[in-house]
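Reviewing the structure listed below.
The values are calculated or read from the model by the stated rules, or taken from the named source; none is laboratory data. Every value quoted in this text rests on a predicted model; they were computed, and no experiment measured them. For neighbour counting, all protein chains shown are included, and Cβ atoms are generated from backbone atoms with ideal geometry for every residue, glycine included. When the accessible area is computed, the model is the full protein with side chains, heavy atoms only, and any ligands, DNA or RNA have been set aside. Shrake-Rupley method; radii C 1.70, N 1.55, O 1.52, S 1.80 Å.
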Amino acid sequence: MALTIISLIKQVPLPSEMRMGEDGAMDRTKAKSIINIDCTFGLEAGLQLKKNYPDARMMVVSMGPPAFEPSLKNALAMGYDEAYLLSDRKLGGSDTFATGLAISTLLKNLGFNKDDSEPFIVLAGRQSSDGDTAHVPSQVAEAMGLPQATFVERITPNADCTITARRIIEGGYQMMQLPTPCVISFTPTGIKPRKASLIGAIKARHTDIIVKSVEDVHMSPEDQAVIGTNGSPTRVATVENIESDRPPIVMATGSNEDQLVDSLIENIKKGGNVLVKKEAKKKKEVETSDFKIVDERGDNKGILTWAEVVKGDIARPSLELLTPARNLAAELGNDTKITTVLIGKNVKNLAQKLIEHGSDEVIVADNDRLEEYLILPYTSIITQIIKERKPEIALFAATTAGRELAPRIGMRTGSGVTADCTALEIGDYVDRKSKEVIRPILHSRRPTFGESKLATILGFVYPQISTARAGTFSVPEREEGRKGIITEFNLQLDESEFVTKILETVRGEGGLASLFEADIIVAGGRGTVVDELKSLKDLTQALKDKGLKAEWACSRAVVDEGYAEYARQIGQTGKTVRPKVYVAIGVGGSIQHLAGIKEAGKIVAINHDSKAPIFRNADFGLVGEYLDIVPELIERVKNGFTFGVEVK
């Protein structure tokens, strides 16, 4: 049997040229565009797979305007044989739900279905740099009824037509076995993509791109009703520029490393500069006195959260969820209840902990086969509970599991999802055309377009589903002995939900939990790999030896080069942390990295490049070679310097 390899790609503007219009739609007219970086790793994975299947049919698929054709031609030049573009004005402004639905409709129209006798595999990038949601692979998988694996680094084909995948998880990785057909999305830690060859470029020039419209793929009228700007279940309400909320940096001075370190210490003792806030511009208010107030929730009431279990305990990001959940419940009033779903093996004993942190009811789904997270049975269980309980809001932590689970559930419930939120609140939606005010409605705020904009997203299908960025919210105070309801869920599982097998799970001791709890984080960028992070780790250990809660971390570049595990990655595609002090050594300061440290109390930047962006976003700075500076800092720490953090 011949395997068909299908790679999904997206063309995106260069991050430095991303622009967003006032209507929330992206303005691509003046931006240079490239294949989304993550997608290129999916393309390369397909070409690697072809080595095992020389007769494989190689297809590349995209959805977008005709301007996307250059990226499809580039994929052909890399080694793909066929290119398909779904392009239709009706699709303009589609959210990820509508995008996943449209792409899956195209694939079905091309003859690919879950029950095909001929095997196929759908490959994609983890997420796109313009939206950063990581939703579409999960939504395509759900719409086609296929098993999936996301955040994958490597795949290996097996003789029985299954695929073994190495998947990144918090604190380590998993080895998984998937049947074909399946959907797999790749991280940028996979095999680096090749460049197009001259022969490939010539071939691409003479290969036509097949363009199809919504009508061409026979999309049903019902599906056409939920695509485009107006039909999508989620919609961008407002977009604002993200501005730094830190005062101007205080730079260390001196002619050698000894004087520079002394100056840095003195600056930290003095406390740094003070931020002078600009007066915010007043927004134009819409006169709504004669508008009709509409409550569209119907029978949907209450808030549902999912508690992820890791190593026999509730994962910290799942406890963090209870902070925005409690705030939303207070805003909604009318005794709004918070229900948390707890799934696993022998997990009922964890239910009281969730109640003491703020859940009103915990629904426990306990089964020996659910000891390890698996997306298909977990999707089934939570969807069953949603349909039974009808919550108005469902919240998930934006962990590797939550970022694939929420969109799959959203696709099944028709809800759509807002990803990676940093703020959640209840508000209104003013519909000027119908002169109606929809109230209440969830306002989900998330950074987007390379963390340069803050978008407010509204959901118009219930439950309104959002994922919250880990580390953004604090864990609510635990109230010992708090009363709540514990309900055991009557499981209805199907054998087809266990087609994906977990072969091995490996988690390190450090990483996720310790980073969230650290008072001081010492982070290294690309420049610190010179000594394989030794100086970085030595400084961290010196702080620990003084009784401080310290941990080390790194930028994405360090992880991509294999010097640290993903669990230690800070930034938009890693962790968001809230230490009292963040010491950035050799970190350039991309906006993606800054997204993960904006909640830090103080940021200390050490870099040999005086023009590095990190210095425009830090409180204290020092220009110097880290191999000279860090040993001096270690000596000062041994003599009592603690970056202003008190030893408890």
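What to note about this one:
- Estimated FRET transfer efficiency (residue 495, residue 346; beta-carbon r; R0 25 Å; 0.05): 0.65
- Sum of -39500 (n - 2.57) over DSSP H runs of 4+, divided by residues of the chain (222 nm, nearest 500): -7500 deg cm²/dmol
- Over the chain: Kirkwood hydrodynamic radius from C-alpha pairwise inverse distances, Å: 25.9 Å
- 3J(HN,Hα) couplings calculated from phi for the range 475-487 with the Karplus curve 6.51 cos²θ - 1.76 cosθ + 1.60 (θ = phi - 60°) are, in sequence order, 6, x, 4, 7, 9, 4, x, 4, 8, x, 9, 10, 10 Hz; Gly and Pro show x.
- Contour excess over end-to-end distance, with Cα ends at residue 175 and residue 195 and 0.36 nm allotted per residue: 4.3 nm
- Extension gain, residue 541 back to residue 432 (0.36 nm per residue minus Cα-Cα distance, nm): 33.3 nm
- With all pairs of separate Cα atoms included, the range 439-494 yields a Kirkwood hydrodynamic radius of 15.7 Å.
- Computed over the range 299-407: relative contact order in percent, which uses C-alpha pairs under 8 Å that are six or more apart: 34 percent
- Euclidean distance of C-alpha centroids, the range 616-639 and the range 535-549, integer Å: 13 Å
- Relative contact order [Cα under 8 Å, 6+ residues apart], the chain, whole percent: 14 percent
- Based on protein heavy atoms only, the range 168-303 ends up with 63 Å² per residue of surface accessible to a 1.4 Å probe.
- Approximating the spin labels as points 7 Å out from Cα along Cα→Cβ, the residue 296-to-residue 202 distance works out to 5.6 nm.
- Label point 7 Å beyond Cα of residue 390 along Cβ direction - residues of the range 461-500 with amide nitrogen under 13 Å: 462-463
- Close amide H partners of residue 57, meaning residues 5 or more places away or on another chain with modelled amide H under 5 Å apart, are 3, 4, 5.
- Summing +1 for each Lys or Arg and -1 for each Asp or Glu among the other residues whose beta-carbon sits under 12 angstrom from that of residue 566 gives +3.
- Based on the convex hull around the alpha carbon atoms, the range 283-434 presents an average projected area of 10.4 nm².
- Distance between the range 236-260 and the range 406-467 - C-alpha centres, whole angstrom: 31 Å
- Taking trypsin sites (Lys or Arg not before Pro) across the range 375-443, the ones in a DSSP loop with at most 15 further Cβ atoms lying within 10 angstrom of their Cβ are 432, 433, 435.
- Inter-label distance for residue 245 and residue 530, nm, one decimal - labels placed 7 Å from Cα along Cα-to-Cβ: 3.6 nm
- Here the range 347-441 yields Rg over Rh of 1.03, to two decimals, using C-alpha coordinates and the Kirkwood radius.
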